[in-house]
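These notes concern the structure reproduced below.
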Ligand code: ADP
Ligand code: MG
């Protein structure tokens, strides 16, 4: 097997019985409340396989909450999310001849979550492990791969993110940008079908942002399905297939990358003036 094979991120395209392509993510009227705080107020979003969606919006608008819902780090208050055509958190069962929804157990939720890789603002690498060991950890302990297979994969993923010469470095010996690239390699080693990025460059010094965006750009080019929350407007304009502007828990404006240069909603115009 060549390095290219084990690091392939080509999207899996599934088709429904009618021949239509099943969305990678389909959120319908998603609501989320934390006690009295109603954070998401009816989000609809469809992400097709092999596309890049960029979510923009001011702080507190609910962007992270939305990503966390997709990845089942939070539970829905209302609405539904399907990943690869499968309702998350629930399954259909037949009881007394009736179709009912039953909540999934932890194992079933873990299986659904394994379709998604997530990269956070803070990279949270294990400080006592090398870059290689950080990337090998989950393939060995979660997927029960052999040490040899996990090592080959980890080396390939670190090469992909441009860190083939840093495999034996500890996080403290790496820059923030390098650590974030290790975090991306770590997520990719689990072979997710969809990558969620939550402001992956926001904690980085400005001169280190580019190297992380370059990795994301090349992933997009290889066909990875990605949902990215970022304030990097240049990246959004260049890489996104779909832009979503959220404010106050609703999608205010949505469209192709051209909406960045031709926004129609006043709130989006105002936001762009502040970040550009
Ligand atoms: P964004 O990522 O767009 O900045 P968040 O999704 O992080 O926004 O947060 C949206 C709102 O939800 C904020 O007011 C935040 O304080 C609140 N929030 C997020 N997580 C929780 C939580 N676990 N408990 C209570 N409030 C929360
Ligand atoms: Mg956030």
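Laboratory data are not the source of any read-out in this text; all were calculated from the coordinates shown. Because the structure is predicted, anything quoted here is derived from the model rather than measured. Heads up, the Cβs are rebuilt from the backbone with ideal geometry, glycines too, and the neighbour counts pull from every protein chain shown.
Collect the residues in region 234-254 that are out of contact with any strand residue (DSSP E or B) (no Cβ under 8 Å at 6 or more places or on another chain) and within 16 Å of ligand 1 (Cβ to nearest atom), keeping them in residue-number order.
Matches in region 234-254: 247 only.
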Would you pick out the residues in region 237-258 that are more than 14 Å from residue 47 (Cβ to Cβ) and crowded, with 22+ Cβ neighbours inside 10 Å? 245, 246, 249
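Pick from 220, 189, 185: which is farther than 23 Å from residue 143 by Cα, away from ligand 2 (no atom under 16 Å from the Cβ) and buried (at least 21 other Cβ atoms within 10 Å of the Cβ)?
Matching residue, one of 220, 189, 185: 220.
A quick yes/no check of all residues on (1) within 16 Å of ligand 1 (Cβ to nearest atom); (2) outside any loop (DSSP other than H, G, I, E, B); (3) surrounded by 14 or more Cβ atoms within 10 Å (Cβ to Cβ):
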residue: 49; (1), (2), (3): no, no, yes
residue: 79; (1), (2), (3): yes, yes, yes
residue: 101; (1), (2), (3): no, yes, no
residue: 107; (1), (2), (3): no, yes, no
residue: 112; (1), (2), (3): no, yes, yes
residue: 121; (1), (2), (3): yes, no, yes
residue: 134; (1), (2), (3): no, yes, yes
residue: 150; (1), (2), (3): no, yes, yes
Going through region 1-47 one residue at a time, which ones are over 22 Å from the mean Cα position of the chain (by Cα) and crowded, with 19+ Cβ neighbours inside 10 Å? none
Only unsatisfied item for residue 175, checking (1) in contact with a helix residue (DSSP H, G or I) (Cβ under 8 Å, 6 or more places away or on another chain); (2) under 27 Å from residue 5 (Cβ atoms); (3) surrounded by fewer than 17 Cβ atoms within 10 Å (Cβ to Cβ), is (2)
Those residues of region 204-235 which are over 23 Å from residue 185 (Cβ atoms) and touching a helix residue (DSSP H, G or I) at 6+ places or on another chain (Cβ under 7 Å), in sequence order: 231, 233
